Structures are given as structure tokens and as C-alpha cells.
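Below: the structure, in C-alpha cells.
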Amino acid sequence: MNGDCLFCLISQRQAPAEVVFEDDKVMAFKDINPKAPVHLLIIPKKHISSLNDISEKDKELLGHLILIATHLAQEKNLKETGYRLVINTGPHSGQQIFHLHLHLLAGRHFSWPPG
Ligand code: AMP
Ligand code: ZN
């Protein structure tokens, strides 16, 4: 827990968020500034700044994060139409919050390659 980190505070329910899923390891909540009709953020409760800071011991946690994202996609009936999972890492990606998070985006067409 990093007291200066917004997503750590959200994961400890010390800052507000529209939480849609929680277990002992991860939390999912609505993005405050959605870029698509469905825009959820899935975070580990453990503070990891970005993919640059993961290690071997985080393998299971990262797999769990993706699994939860697919469960949420299924729950929202997105499997047929599809969805996009994004992890921004570092300045060129536009990462703004330095607590690892998976974006689950859906509900419209997304261009490829991304802008
Ligand atoms: P990134 O650019 O990958 O770091 O994404 C950060 C995301 O966090 C952006 O899509 C923001 O809209 C979102 N965000 C920032 N503050 C909050 C908040 N308090 N609650 C929910 N989402 C937030
Ligand atoms: Zn954090």
C-alpha cells in the first residue's frame, strides 16, 4: 500500500470508485473518464508501478488479472462483439497512473493500429 497512490487508496476503499468486482487480490472499477461505452480498470491490490516492475513472483497475479477481465467481459456479454485489453507502460504509451492497471474497453469499434 502506497499512501500517495490513488489506485492503492481506491483498492483500500479510502478513495471513491464505482467498484464492479473485488476479491482478495484484485479490484475492478469504472474508469472516471471512459473512452468507450464499457471502460473498466482492473488492478492488483498490491502496488506495482508498471509492467517495468513486475517479476517472476507476480506471474500468478498477472494471470489472475487477465482471467478476471475475461470473466467481466463474459458477464457483460462482450465475447461475441469483442473487447480490447490495454496496459499502458511509460511515457510513450501515455501512462498517467503509476499503479499497474488493465483497461477493459468495449462497446464500439477500435482502430488498429492505435493512435
Ligand atoms: P493510464 O493512462 O493507462 O495510466 O490510465 C489511467 C486511467 O485512470 C485513465 O483512463 C483515467 O481516466 C483513469 N482514472 C484516473 N483517475 C481515476 C479515478 N479516480 N477513478 C477511476 N478512474 C480514474
Ligand atoms: Zn498503488
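The values are calculated or read from the model by the stated rules, or taken from the named source; none is laboratory data. All of these numbers come straight from a predicted model, not from anything done at the bench. Cβ atoms come from the backbone with ideal geometry, glycine included; neighbour counts cover every protein chain shown. To get the accessible areas, we keep the full protein, side chains included, count just its heavy atoms, and leave off ligands, DNA and RNA. Shrake-Rupley method; radii C 1.70, N 1.55, O 1.52, S 1.80 Å.
Of all residues in the range 1-52, those being in a strand (DSSP E or B) and free of Cβ contacts under 8 Å to residues at least 40 places away in the same chain number 5. Restricting the range 1-41 to residues that are charged (D, E, K, R) and farther than 19 Å from Lys76 by Cβ, the residue that is farthest from ligand 2 (Cβ to nearest atom) is Asp24.
Residue count for the range 29-48 satisfying the condition of being open to solvent by less than 40 Å² (accessible area, probe 1.4 Å) and within 11 Å of ligand 1 (Cβ to nearest atom): 7. Screening His64 with (1) under 11 Å from the mean Cα position of the chain (by Cα); (2) of a type outside the set (Lys, Arg); (3) open to solvent by 40 Å² or more (accessible area, probe 1.4 Å); (4) away from ligand 1 (no atom under 16 Å from the Cβ) gives one miss only, at (1).
So for the range 66-78 (the condition being touching a Ser or Thr at 6+ places or on another chain (Cβ under 8 Å) and over 22 Å from Ser11 (Cβ atoms)), does at least one residue qualify? Scanning the range 66-78, I find no residue that is touching a Ser or Thr at 6+ places or on another chain (Cβ under 8 Å) and over 22 Å from Ser11 (Cβ atoms), so the answer is no. All told, Lys46 falls short of being closer than 28 Å to Gly82 by Cβ and either acidic (Asp, Glu) or modelled with pLDDT of 95 or more (or both). Tallying residues that are in a helix (DSSP H, G or I), within 16 Å of ligand 2 (Cβ to nearest atom) and without any contact (Cβ under 8 Å) to a residue 24 or more places away in the chain within the range 54-106 yields 2.
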